[in-house]
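First comes the structure, then the notes that go with it.
The values are calculated or read from the model by the stated rules, or taken from the named source; none is laboratory data. Treat the numbers as computed from the prediction; the structure is a model and nothing was measured. Cβ sites come from the backbone with ideal geometry, for glycine too, and all protein chains shown count toward neighbours.
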Amino acid sequence: MTSDRWHDLFYFFGRYGITLFFLAFIYLILRKKIRAFLCILLAMGVAGVVDFLIYMFWQRPRPFISHSDLVSKIYGTSASLGSFPSSHTYIAFAIATSIFLYGHRRLGSVLFVLAILVAMGRIGLGLHYPSDVVGGIILGILSGVAVYYMVRGWEKRDPEV
């Protein structure tokens, strides 16, 4: 693959790949899988709160700021937001984890592959360091697992939830 094609692949998944995950929302709503949808929303919320707490105490600049001589800024990217963890990555992995654990194994597996491509794209575009993406992966998976067990616990106590 030529470097232009790699750049195009990184650009697509790094900038727009996250939108593919929101198509899963439409699928879940059309299939009336409201509990799985709730699990996704809560997992993203939990990860978002953890991300905000990290941001309050540690604001690492993005690679295109710290290494502006090596990495050019992508048009429309906010420099004011911290680099760690990658929010695109934790959102993608929280969604993939929630869907996978909720019994939609095929869709969850596809979303994990797409989540990896999103994470690679964020690095390839110079928007995040590899450690930002690893932090996002861990945060997304942990929030998806934690919320899954929380929602399952609610279901056992009150099956009509």
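Remarks
- Single residue of the stretch 9-51 satisfying the filter (of a type in the set (Lys, Arg) and assigned to a helix (DSSP H, G or I)) that is farthest from Val151 (Cα to Cα): Arg15
- Within the stretch 102-117, the set of residues being surrounded by 16 or more Cβ atoms within 10 Å (Cβ to Cβ) and assigned to a helix (DSSP H, G or I) comprises Leu107, Gly108, Val110, Leu111, Phe112, Leu114, Ala115, Ile116, Leu117.
- Selection from the stretch 91-146 of residues that are under 16 Å from Thr19 (Cβ atoms) and among the small types (Gly, Ala, Ser): Ala92, Ala94, Ala96, Ala115, Ala119, Gly121
- Residue, nearest to Ile141 (Cα to Cα), within the stretch 25-45, restricted to residues that are without any contact (Cβ under 8 Å) to a residue 24 or more places away in the chain and aromatic (Phe, Trp, Tyr): Phe37
- Scanning the stretch 118-138 for residues that are of a type in the set (A, V, I, L, M) and assigned to a helix (DSSP H, G or I) yields Val118, Ala119, Met120, Ile123, Val133, Val134, Ile137, Ile138.
- Qualifying residue in the stretch 71-81 (condition: at pLDDT 55 or above and either in contact with a strand residue (DSSP E or B) (Cβ under 7 Å, 6 or more places away or on another chain) or surrounded by fewer than 17 Cβ atoms within 10 Å (Cβ to Cβ) (or both)): yes
- Condition met for Met44 (touching a helix residue (DSSP H, G or I) at 6+ places or on another chain (Cβ under 7 Å) and either farther than 11 Å from Leu127 by Cα or at pLDDT below 80 (or both)): yes
The rows are residues; the columns are (1) touching a Leu at 6+ places or on another chain (Cβ under 7 Å); (2) surrounded by 14 or more Cβ atoms within 10 Å (Cβ to Cβ); (3) aliphatic (A, V, I, L, M); (4) touching a residue at least 40 places away in the same chain (Cβ under 8 Å).
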position: Met120; (1), (2), (3), (4): no, yes, yes, yes
position: Gly124; (1), (2), (3), (4): no, yes, no, yes
position: Leu127; (1), (2), (3), (4): no, yes, yes, yes
position: Asp132; (1), (2), (3), (4): no, yes, no, yes
position: Ser143; (1), (2), (3), (4): no, yes, no, yes
position: Ala146; (1), (2), (3), (4): no, yes, yes, yes
position: Tyr149; (1), (2), (3), (4): no, no, no, no
position: Lys156; (1), (2), (3), (4): no, no, no, no
